1. Test of understanding: in a Gaussian network model of chain B with alpha carbons linked when under 10 Å, which of B:Ala243, B:Ala153, B:Ala18 would top the mean-square fluctuation ranking?
2. Could you name the lysines in cross-link range of A:Lys251, using Cα to Cα under 27 Å and dropping any fewer than eight places away on the same chain?
3. Counting only other chains, and only Cβ atoms inside 10 Å, what mean value do you get across the residues of C:234-241?
4. Compute the FRET efficiency between C:Thr22 and C:Leu497 as 1/(1 + (r/R0)^6), taking r as their Cβ-Cβ distance and R0 = 25 Å, and round to the nearest 0.05.
5. Would you calculate the separation in nanometres between label points at B:Tyr184 and C:Asp466, each defined as 7 Å from the Cα along the Cα-to-beta-carbon direction?
6. Report P(r) for segment B:1-73: all Cα-Cα distances, bin width 5 Å, range 0 to the bin holding the largest distance, values in whole percent.
7. Output the peptides A:95-104, B:207-216, C:502-511 sorted from most to least packed, where packing is the average of other Cβ atoms within 10 Å over each peptide's residues.
8. With r defined as the distance between the Cβ atoms of C:Phe490 and A:Val61 and R0 fixed at 35 Å, what FRET efficiency is calculated, to the nearest 0.05?
Amino acid sequence: MINSRWMLFLLVLFSAATAALSADAQVVGAPQPWEWYFRTAATPVQVDLIWFHDLIFWVEVAIVLFVLGLMAYIVVKFNAKANPVPSRTTHNTFLEVAWTVIPVLILVVIAIPSLRLLFFMDKAKNPEMTLKITSHQWYWSYEYTDSGIAFDSNMIPEDQLKPGQLRLLDVDNRVVLPADTEIRLLMTSEDVIHNWAVQSFGVRMDTVPGRINESWMIVPADKIGTYYGQCSELCGVNHAYMPIAVDIVSKRDFQSWLAQAKTKFGRLDADAPVKLVQAETQPSLDAR
Amino acid sequence: MATQAQKTHPYHLSEPSALPLFGSIAVLVTAVGAVVFMHTGFYLGLVAGFVLLILMFIAWWRLVISEANNGVDHTEVVKTGLRIGMLLFIASEVMFFFAFFWGWFHSSLPILNNVAGMWPNNDIEPMGASGIPMVNTLILLTSSVTVTVAHHALVEGDRKTATNWTGITAVLGVIFLIIQAYEYWHLVNHQFGLKDGIYPSTFYLATGFHGFHVLVGTTFLIVCYFRLRAGHFTPSAHIGFEAAAWYWHFVDVVWLFLYINVYWWGSSAFGHLKPLVQ
Amino acid sequence: MADTHAHAHGHNDHADHGHHPTGWRRWMYSTNHKDIGTLYLVLAIVASFVGVGFSMMMRLELAEPGLQFIRDQHFYNVLLTAHGLIMVFFVVMPALIGGFGNWFIPLMIGCPDMAFPRMNNISFWLTAVGLILVATSTVIGGGAGTGWTVYPPLSNHTFHPGMSVDFAILSLHVAGAASILGAINFITTIVNMRAPGMTFHRMPLFIWSMLVTAFLLLLALPVLAGALTMLLTDRNFGTAFFEPSGGGDPIFWQHLFWFFGHPEVYIMIIPAFGIVSQVVSTFSKKPVFGYLGMAYAMVSIGFVGFVVWAHHMFTVGFNVETRAYFIIATMIIAVPTGIKIFSWLATMWGGSIEFKTPMLYAMGFIFLFVVGGVTGVTLSNAPVDMAFHDTYFVIAHFHYVLSIAAMYAIFTGMYYWLPKMSGRMYNEKLGQWQFWITFVGVNVLFFPQHFLGMAGMPRRIADYPDAFAGWNMVSSGGAVISLVGALLFFYILWDTLRNGAKAPANPWGVGANTLEWTVDSPAPFHTHEVLPVITAEPAGSHH
Ligand code: HEA
Ligand code: HEA
Ligand code: CUA
Ligand SMILES: [Cu+2]
């Protein structure tokens, strides 16, 4: 009796460990317990973003510590006991100029890399393929406009999770995308506003009905793996239940996936790509 | 409260009043009535709310008028305060219209809104600038002059002229409203209704709220007309009239913006935007 | 600031003018700025029970992954919407502006009451109507699960067909009208009714803060009113302002909302700046350092605050140039805000500081506002906002500036002015305890939310991936500690009113030299009926 319970325990432990290990090998972009920093960066945009964030972060830590330090000094030196007679100083031109000009300079130092990164992350320069993302209450649909594949992606409900799958993050049909490929992302929505956000890619874009928004990503081959994201704009009751899961695979694997997918998902309905081309050039009322 | 003899400051402290509470209840009834009306079509609550609100306004303004006339409460300082208050109120009204003009430009200029490849939407024939709107522009411009004439007469102590020209201004306001009502009737029957998309939405709400302000301004002028007749205003004390005149000018300026942007530019320039859609 | 030179004093202000209203009429029909101020404070406290209660339910739900007690996520969305709306419109604004503004504008500028006392009263009652309507919206019609930002299409008729959103819209309409009327009253009072000799540059900084706030209210709220009207007609009368199918655009709502919404956040923090300035100067026994810079910093924050709104919309798909502009414009606000921070520090510098509870709160405000402010600067960089928008990092940012800084300012003002308002002293020891409990509580509550945001946890979800469990648990623990702090505050309040020692006219000593400390405590029903004459420069502005 006792033995069998121990056996069971070990079995659970073992399967948990293998799940965790195998997860380690593939899953790159999922949140980790007690995480207090960014997830792994998979795209150059996210790499730069983290670098830039760290720059601001340390500047701001310095500011906060500076203020804290001044306050500590004040508490020690200028409490009523230590300093019974208050001064009457109320002006010091040098100081007043300093605490106006120095923040300006700090902000300039922040603004320059900020704007550079902004322009860099804006749009794909030479997109090699396009993924069209459409949001619905409460799932995503994806169209590979170059190869004409389209499918929906739904969250796997809790009671159907297989071991190793992540609650609230895993989906029935993951998006599969090739590494080393500059991918243009086009997004829109069928109903309310949602937001397609995958942290490791540095992509976070509202999907707005009536509009087509654009973003882009490229994942180098050494970052092959699975990346998770969640809908990030309140979209109604199941806002928490429309995750995003992306498999980044090698170009070769992608080709074989494509071949499979074409039979699995079938082709787009005929008019869809036309709709898209029109929408890109000039979104108009008819495009909806 | 300090009686007059004891009063040691130039301010007007009101006695406690039931009107604010009454008015707020009226607002509550109106709001609940409005929601119920919009969802069920049952309109009596809404009507009751409006009736209560109107009662509140009548009682409140009567009270203010009696204070203005008692010769004690409205000192110079108090009058300055009332002027400042009126100007601030008009400033807030300007910001209210700002929202609707923003809506107009947001939905018509492709630069602000990549949805609007086509304007007006759905091949709607926009309201032109000539004809009715032109007539109404002339009416409002004229009324701006007449109210100024009345004001000058009042300052110069010519009560009779002031009364007459105030009356004329109010009549012009009424005519404007009648013509606008006709314009709406015509548009709804021949060109576009409120539900026909974004162009009618912006058009009707912007011009409609302006029309409502004309109604308020006209009411204000009518009150002033009767107060003039009753001899409430003197060359030096006529805050009520001044406020009505300011309000009227404000309504006038809003109209000029509407006329230039919505009627004129909206019907000519946007014609050329249409081909942008392909 | 503005010392009075013995022309008028408290003893003139005894309440001997025969009849002043008593009983329920005194409160229902009030045209007295102090009574109306008290009513606003009571309303804020009542609303805070609901707002805090809802937030505790949210934290309870979020304490662990999975659903604890919420079946239907819509209910969670309703909770967070009501929490946001109530806290913003019915706790912070009524307390800081309606409460302290009404009480202390006339007292501090030396006039007997507000410019339009009856209008003052209807401002209050309309706020109460707004509260009733927002409460109705949560219980009738299924509740509004739209977030306090009420973005269409989610908030339109298709996705929220019930009455709730309409109630919420009208609630904001009414509360907005109340605020506009209040703003007209405040500005007129400050411009027109300052005591003889009190020039603009002799006004206490709290009065400056109220003046700037009132202008923000006056110009920002009508835009919200316009937006709400359009949403209402979209929902009920078939217009298409925000309907793509009719040629409208949901993004237009966001423009209007944030054109109001960003000034709104300064509406909630500038009064706090004013209160903190008074308190820092009082307890340092020093005049405010750089008075003019302080005043005009608030003015410039107000101005710039109107042209930065789209930093809430970095992810809606603007072109880069637009985002570049809003990055720069937003960051500029850090400069005048920095002037304020450093001027407060310089005011304390060389002072002879007594760390009474209000001063503790003021210093807590300064430090924690800087923490929340710098994360605002992080967010203002659109590229980094790509990582943080709609995550808990934003929640952490704005609770630092709102639920910590603005709330600290409410506590600062309550402790500082309670003797004046009630005539009784609070228990200093309990006050200090309350400060430290709250300090620990809110930091444990909101600091870990930065981590959650960095790891990518979206906001507005009732259930989250298991990996986020740890910090959420900590955060919920912090909520419990904060709740203890809040309850202790209400105990202190009750204890003061019942058992507090009698407060002298000026309990704070030489540092407290604004006019409200020249009248008795509690401030008599009528004050400054004989106008004080101001002869001194605002202490310390030797320009
Ligand atoms: C009291 C309320 C308040 C205040 C004061 C602020 C202040 C600021 N806020 Fe915040 N904010 C909110 C309330 C507030 N905010 C709310 C409620 C939201 C979310 C709304 C929602 O979506 O629901 C929000 C969201 C929000 C966003 C959008 C985030 C997103 O949704 O993606 C951004 C982005 O720019 C932002 C920026 C700022 C900035 C730059 C300031 C600045 O004013 C801060 C300036 C202060 C300092 C910088 C510290 C002191 C300065 C110094 C010590 C000088 C030296 C400093 C430097 C050189 C950096 N805020
Ligand atoms: C001033 C505004 C304010 C305040 C005080 C608070 C207080 C708190 N808030 Fe928040 N909150 C918002 C404004 C505020 N909040 C807004 C605008 C949102 C966004 C909603 C949306 O997404 O649409 C939000 C959202 C929000 C969320 C995110 C929900 C989600 O996205 O899923 C969470 C989660 O933890 C949270 C928690 C809390 C907690 C635990 C408190 C605790 O209550 C803090 C502890 C503090 C106290 C217990 C003391 C309170 C005392 C007073 C306020 C003064 C009382 C008055 C007098 C003495 C006169 N709040
Ligand atoms: Cu889809 Cu949130
Ligand atoms: Cu903002």
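Computed from the coordinates by the stated procedures, all read-outs in this text should not be read as laboratory data. Please read these numbers as outputs of a predicted model, since none were measured by experiment. Ideal geometry is used to build each Cβ from the backbone, glycine not excepted, and the neighbour counts take in all protein chains shown.
1. Greatest mean-square fluctuation among the candidates belongs to B:Ala18.
2. By straight Cα distance, A:Lys251 reaches A:Lys123, A:Lys125, A:Lys132, A:Lys223, A:Lys262, A:Lys264.
3. Working: counts 1, 1, 5, 6, 7, 11, 11, 8.
Mean inter-chain Cβ contacts per residue within 10 Å come to 6.
4. Values: r = 19 Å, r/R0 = 0.74.
About 0.85, to the nearest 0.05.
5. 6.2 nm
6. Calculated over all Cα pairs of segment B:1-73, the distribution is 4, 15, 18, 16, 12, 10, 8, 7, 5, 3, 2, 0 percent.
7. Working: A:95-104: 15.2, B:207-216: 18.6, C:502-511: 16.9.
Averaged packing, sorted descending, gives the order B:207-216, C:502-511, A:95-104.
8. Details: r = 36 Å, r/R0 = 1.02.
Working from the Cβ atoms, E equals 0.45.
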